[in-house]
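First up is the structure itself, then whatever we jot down about it.
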Amino acid sequence: MSWHGQRNNDPEEKFILRNDILFTVDRKQIVVADRSKGTSTIITYPDAAIWSVLIENHNRPEAILILQAIMNKSKAETLKMIDRCLATWRESGLIE
Amino acid sequence: MADQVYDAAMNYLSRSGLNQVRLLGGEPTLHPGFIKMVTKALERDFTVCLFTNGLMPEDVLCFLETVPEGKLSILLNTIHPSENDRKGIDRQRDVMLRLGRVIIAGINICSSSQKMEYLIDYVREYNLKREIRLGLAHPVLSKDNLSLHPKEYQRTGYAIYKLKQDAAKHGISIGFDCGFVPCMFPEDYYNLLSEELKNAGTCCHPVIDLLADGSFIACYPLNNLLKIKINDTIDSKKLSKRFEEALRPYNETGIYPHCTSCPLFKKRCNGGCMSFRIQRYRRMYEGIN
């Protein structure tokens with residue numbers, strides 16, 4: 001996985017925001033603004049937790065551990081949720 | 001502002017069905033063509049609204065005294081009497097004495113410790129319009145200007161509430177510019193506040209200013225977000241639409257992280273000044289890059 005712009009050959013594991021994407025963290029959600037489309041996306045728990053942890057943690061194994069603890073899930077379930085979120089956000093054009 | 005830009009601006013207003021020319025600055029009365037600009041507006045049957053600090057040249061003041069009743073209104077941004085600016089305060093007093101009938105006194109709040117009670121005395125002493133206009137100093141996206149931070153809003157809200165109570169005793173109302181949020185004011189007093197105060201939280205929308213170079217902006221704090229050059233076809237409806245589209249991505253949050261879980265969000269409050277809201281996004285963005 002590539003964190004904060006670190007390059008990795010596996011595109012499925014990247015978490016790089018697209019250029020026109022900004023986000024802010026609210027108390028119960030994350031709001032993502034797409035300046036090019038003029039739209040915004042609201043991400044609520046538990047997906048918001050995944051976004052927060054992925055954006056702030058350089059180390060993938062550590063990020064998974066944190067998310068397991070936050071969501072009280074097994075490693076396999078956590079990985080499944082991460083993959084689902086990444087696929088959704090990639091499809092929505094939020095991440096590369 | 002060049003003559004041709006000013007003429008184009010009046011054409012824009014006519015095209016948009018707007019009947020008021022609003023002159024602001026800087027200090028508009030210091031523009032060498034100020035008298036000519038007001039005269040042109042009056043000849044085209046516009047009313048004129050002037051935003052000024054009152055420190056105007058004598059010839060401008062004499063001219064403004066001659067403007068017919070009902071054609072001129074002035075929002076005077078006052079200097080606090082305790083400030084060390086005797087000359088400026090005296091000039092403002094002279095302007096209020098001579099133009100009081102068309103003046104609404106106001107203040108731009110940039111600190112929660114700012115005193116405002118003197119505005120009541122001004123209204124009474126100079127027979128000003130019986131309204132006090134309050135504005136908040138907002139952050140300008142492109143500059144590091146002096147602004148009132150949302151952390152100071154509640155303290156400011158208490159002071160405004162006190163002002164409102166005192167003003168009401170003299171039949172003076174309080175008017176609000178953009179960016180006020182209901183949570184500035186003590187919850188216990190909220191139901192006692194006027195409808196105007198309750199609705200103050202929803203007034204952040206493109207007000208559309210025209211810069212001297214002929215560029216429209218959504219408002220001054222957002223002056224570097226989007227600029228649209230004036231032309232012979234654009235009207236206020238089209239402009240509002242363009243600016244609203246540019247601001248839409250930032251509509252889903254407020255100035256505080258807890259805004260979106262507040263029951264008043266999008267009902268009584270749109271989340272406060274858009275410039276603050278956008279800066280919340282920018283900080284996050286800059287933090288990860």
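Computed values, structure above
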quantity: Violating pairs (Cα-Cα greater than 22 angstrom) within the set B:Lys40/B:Lys87; B:Lys129/B:Lys162; B:Lys36/B:Lys227; calculated: B:Lys40/B:Lys87; B:Lys36/B:Lys227
quantity: Å² of accessible area per residue within the protein assembly as shown, as computed with a 1.4 Å probe and no ligands counted; calculated: 50
quantity: Relative contact order (percent, whole number), the range B:23-166, Cα cutoff 8 Å, 6+ residue spacing; calculated: 18
quantity: 10 Å Cβ neighbours from other chains, averaged over peptide B:257-267; calculated: 2
quantity: Cross-link pairs beyond the 28 Å C-alpha cut-off, checked among B:Lys71/B:Lys237; A:Lys37/B:Lys267; B:Lys229/B:Lys267; calculated: B:Lys229/B:Lys267
quantity: Accessible surface, 1.4 Å probe, highest first, among residues A:Glu96, A:Glu56; calculated: A:Glu56, A:Glu96
quantity: Rg/Rg_ref, the range B:75-206, where Rg_ref = 2.2 N^0.38 Å and atoms are Cα; calculated: 1.06
quantity: Exercise: per-residue mean of other protein chain Cβ atoms within 10 Å, B:239-250; calculated: 3
quantity: Loop sites in the range B:109-152: trypsin sites (Lys or Arg not before Pro), DSSP, at most 16 other Cβ within 10 Å; calculated: B:Lys115, B:Arg130, B:Lys143
quantity: Cα centre as origin, Lys/Arg/Asp/Glu Cβ charges: the range B:106-188 dipole, Debye; calculated: 120
quantity: Normalised convex hull volume, the range B:171-270, alpha-carbon set, Å³ per residue; calculated: 135
quantity: Carbon + sulfur, % of accessible area of chain B - ligands and nucleic acids excluded, 1.4 Å; calculated: 51
quantity: Partner chain coverage, peptide A:29-36 - average Cβ within 10 angstrom; calculated: 5
quantity: Reciprocal of mean inverse Cα separation for the protein assembly as shown (Kirkwood radius, Å); calculated: 23.7
quantity: Relative contact order of chain B, pairs being alpha-carbon contacts under 8 Å that are 6 or more residues apart, as %; calculated: 15
quantity: Total accessible surface hidden between A and B, rounded to 100 Å², 1.4 Å probe; calculated: 1600
quantity: Fraction of the pair-distance distribution of the range B:61-152 above 21 Å, Cα-Cα pairs, percent; calculated: 39
quantity: Intensity falloff of chain B expressed as log10 I(q)/I(0), Debye formula with alpha-carbon point scatterers, at q = 0.06, 0.07, 0.10 Å⁻¹; calculated: -0.20, -0.28, -0.59
quantity: Equivalent ellipsoid dimensions for the range B:5-79 as semi-axes, Å, which come from the Cα gyration tensor, largest first; calculated: 20, 13, 12
quantity: GluC sites (Glu not before Pro) restricted to DSSP loop in the range B:1-82 with at most 10 other C-beta within 10 Å; calculated: B:Glu69
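The values are calculated or read from the model by the stated rules, or taken from the named source; none is laboratory data. If you're wondering where the values come from, they're calculated on a predicted model, not measured in any experiment. With ideal geometry, Cβ positions are generated from the backbone for all residues, glycine too; neighbour counts draw on all protein chains shown. Quick note on the areas: whole protein, heavy atoms, side chains included, nothing else; ligands and nucleic acids left out. Shrake-Rupley method; radii C 1.70, N 1.55, O 1.52, S 1.80 Å.
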